[in-house]
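The values are calculated or read from the model by the stated rules, or taken from the named source; none is laboratory data. Quick caveat, the model's predicted, so the values are computed rather than measured. In this analysis, Cβ positions are derived from the backbone assuming ideal geometry, glycine residues included, and neighbour counts consider all displayed protein chains. In case anyone asks, the SASA skips ligands and DNA or RNA and just uses the protein heavy atoms, side chains included. Shrake-Rupley method; radii C 1.70, N 1.55, O 1.52, S 1.80 Å.
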Amino acid sequence: MTRRPYIVGNWKMHGTRAMLSEARAIDRAAQRHMKVEVAIAPPYTLIHPIHREAEQIAVGAQDCHHEDSGAHTGDISAAMVADAGASFVILGHSERRTGHGESDALVRAKAGAAFAAGLKVILCCGENTATRESGKAVAFVRKQLKASLPPAEQLPAELAERLTVAYEPLWAIGTGTPATTDDIAEMHGQIRALLIDLLGAEQGADVRILYGGSVKPDNAAAIFAVPDVGGALVGGASLTADSFMGIALAASEPFEN
Ligand code: PGA
């Protein structure tokens with residue numbers, strides 16, 4: 001089954017209520033690009049206000065805690081972000097893994113909690129410069145993804161609807177230079193093969209694999225033409241409706257996922 005391209009904006013730690021007008025503009029534009037699934041993950045503080053107004057786009061969180069509630073000062077659970085209006089959560093982003101010491105086991109626990117709370121999950125993986133240069137990127141990403149995925153009994157039945165994988169090489173994030181289409185093709189092919197191995201032919205073939213790392217309107221079409229690219233996880237270029245929807249426009253032409 002060919003799924004709609006999925007274009008997700010990761011606003012990271014950017015955005016106060018002044019950004020609501022940008023979210024509105026993204027939502028309006030998304031209504032003109034129904035062939036593309038458009039979503040944004042703003043900071044926690046904007047999830048509810050954006051959800052309340054959005055007619056077309058989905059709103060998600062950038063992280064959640066692995067427990068439902070408890071004595072965890074400053075943390076927010078999957079049930080809480082769902083209550084605020086989030087329908088998905090990004091987990092295992094490299095800025096969480098490196099900046100907050102998140103292990104594969106923790107990411108796996110968070111993903112299990114998010115599924116249990118009814119959320120969709122965008123599970124991130126990707127290697128750093130040293131791993132890429134040592135020629136071990138594929139082995140690293142396969143191991144990381146396998147260890148970050150919850151065990152079968154914690155996976156929801158309608159898995160391809162609920163799980164998305166994002167390949168984001170650390171050396172391409174925020175640099176202005178994405179991975180080459182050859183590197184993306186190789187890694188996405190490997191991730192697809194692993195998903196088929198782990199989840200079975202049907203589900204494994206259906207889960208969308210996003211590319212992330214310096215996706216911009218002017219490089220998006222080439223990236224979307226790569227086999228097994230099902231969309232993009234976009235940081236910097238998702239902060240204005242103009243550039244973000246430029247990427248969505250590039251995805252609105254049919255492309256292989
Ligand atoms: P970037 O970030 O598009 O600014 O490179 C992508 C990400 O970290 O999700």
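For first residues located in segment 150-164 and farther than 12 Å from G204 by Cα, partners that are in a strand (DSSP E or B) and open to solvent by less than 40 Å² (accessible area, probe 1.4 Å) and lie 6+ apart or on another chain with Cβ distances below 7 Å form the pairs R162/V121. Summed over segment 139-161, residues that are over 18 Å from R208 (Cβ atoms) and of a type in the set (A, V, I, L, M) total 3. Just to be sure before I move on: is I209 part of a helix (DSSP H, G or I), in contact (Cβ under 8 Å) with a residue 40 or more places away in the chain and within 16 Å of the ligand (Cβ to nearest atom) in the structure I sent? No: the conditions fail for I209. Taken as a whole, the condition of being out of contact with any strand residue (DSSP E or B) (no Cβ under 7 Å at 6 or more places or on another chain) and at positive phi does not apply to G236.
Can you tell me which residues in segment 195-223 are hydrophobic (A, V, I, L, M, F, W, C) and either within 20 Å of V234 (Cα to Cα) or more than 18 Å from the chain's Cα centre (by Cα) (or both)? Listed by number, the residues that qualify are I196, L198, L199, A201, V207, I209, L210, V215, A220, A221, A222, I223. Selection of segment 98-130 for residues being open to solvent by less than 30 Å² (accessible area, probe 1.4 Å) and not hydrophobic (A, V, I, L, M, F, W, C) yields E102, K110, G112, G126, E127.
Please verify whether D197 is part of a helix (DSSP H, G or I), among the charged types (D, E, K, R) and within 16 Å of the ligand (Cβ to nearest atom), treating the condition exactly as stated.
Numbers: part of a helix (DSSP H, G or I): yes; among the charged types (D, E, K, R): yes; within 16 Å of the ligand (Cβ to nearest atom): no.
Criteria not met by D197.
All conditions but one from (1) open to solvent by 10 Å² or more (accessible area, probe 1.4 Å); (2) away from the ligand (no atom under 14 Å from the Cβ); (3) at pLDDT 95 or above; (4) closer than 26 Å to P5 by Cβ apply to D83; the one that does not is (4). When the residues of segment 9-22 are filtered to those that are among the hydrophobic types (A, V, I, L, M, F, W, C) and surrounded by fewer than 14 Cβ atoms within 10 Å (Cβ to Cβ), the one that is nearest to the ligand (Cβ to nearest atom) is M13. When A39, A25 are checked against the criterion of being aliphatic (A, V, I, L, M), away from the ligand (no atom under 14 Å from the Cβ), at pLDDT 95 or above and not in a loop (DSSP other than H, G, I, E, B), a single residue qualifies: A25.
Of all the listed residues (D242, D218), the sole one being within 14 Å of the ligand (Cβ to nearest atom) and either at pLDDT below 95 or surrounded by fewer than 17 Cβ atoms within 10 Å (Cβ to Cβ) (or both) is D218. Of all residue pairs spaced 6 or more apart or on separate chains, those with beta-carbon atoms under 9 Å, a first member in segment 45-74 that is of a type in the set (K, R) and a second member that is open to solvent by less than 80 Å² (accessible area, probe 1.4 Å) are R52/G85.
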